[in-house]
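Heads up: the structure comes next, in structure tokens.
Read-outs throughout are calculated quantities, based only on the coordinates presented, and are distinct from any laboratory measurement. This structure is a prediction, so every number in the text was calculated from the model and none was measured. Cβ sites come from the backbone with ideal geometry, for glycine too, and all protein chains shown count toward neighbours.
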Amino acid sequence: MKRVLAIGALVLLAMTGLAVAQHDKEDNDPTCLLSFVVTKDDNGKAVRNAAVIMHPVNPKGRQVQGGAELKTDVDGKTNFDGIPYGKLRVQVLAQGFQTFGADYDIDKPKMEITVKLKRPQGQFSLYGDAPKDSNNPPKQDAPPPSQNQKPN
């Protein structure tokens, strides 16, 4: 329960940072209702409980203070109302999937971003003697010949 409250407090704090950044702008600056749909790339099914992290980006392409983290629901959806127009960096993280990241131009009163998460790709080693099973120890060199043995 404490962990849920701590996570909730962090999300609220991050959202407050984004809201404060909004209030620094004039009240008549346009904002967007931004919706996200997160699905699996291979079958199109919803990804629930994915973290959608948003950060404003300045004109030089650098991430600035403020931002928010949202979690997708059982339908893979989440949204945030009041995103100021401009560049927004979006990252999506979910267990068992590759991290997604992209910058978007927020320039309409309503926008929907669909993210298709991919499964991790197969990994390979440049070293031929790398163990294939992480439970098996790496190969060891043969012990040095004993001093008492005669050469062949």
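One chain, two ends: Arg62 and Glu112. Fully extended at 0.36 nm per residue, the span grows by 15.7 nm beyond their Cα-Cα distance. Here's the picture: a label point sits 7 Å out from the Cα of Asp41 along the beta-carbon direction, and within region 93-122 the residues with their amide nitrogen under 20 Å of it are 93-104, 113-122.
What is the order of Tyr104, Tyr127, fewest Cβ neighbours within 10 Å to most?
Least to most surrounded, the residues fall as Tyr127, Tyr104.
Projected label points at Asp103 and Phe124, each 7 Å from Cα along the beta carbon direction, are separated by 3.3 nanometres. For the peptides 42-49, 87-94, residues were scored by their other Cβ atoms within 10 Å and the scores averaged per peptide; the highest-first order is 87-94, 42-49.
Across region 85-90, rounded Karplus estimates of 3J(HN,Hα) from the backbone phi angles (6.51 cos²θ - 1.76 cosθ + 1.60, θ = phi - 60°) give 4, x, 6, 9, 8, 10 Hz, Gly and Pro being marked x. Converting phi to 3J(HN,Hα) with the Karplus coefficients 6.51, -1.76 and 1.60 and the offset θ = phi - 60°, region 59-69 yields x, 7, x, 9, 5, 10, 4, x, x, 8, 10 Hz in sequence order, with x at every glycine or proline. Close amide H contacts of Ile83 (hydrogens built in the peptide plane, cut-off under 5 Å, sequence separation of 5 or more or a different chain): Cys32, Leu34. Taking amide hydrogens as placed 1.01 Å from N in the peptide plane, the amide H of Lys71 sits under 5 Å from those of Val52, each at least 5 positions away in sequence or on another chain. The amide H of Ile106, built 1.01 Å from its N in the peptide plane, has Gly86, Lys87, Leu88 as neighbours under 5 Å, considering only residues 5 or more places off or on other chains.
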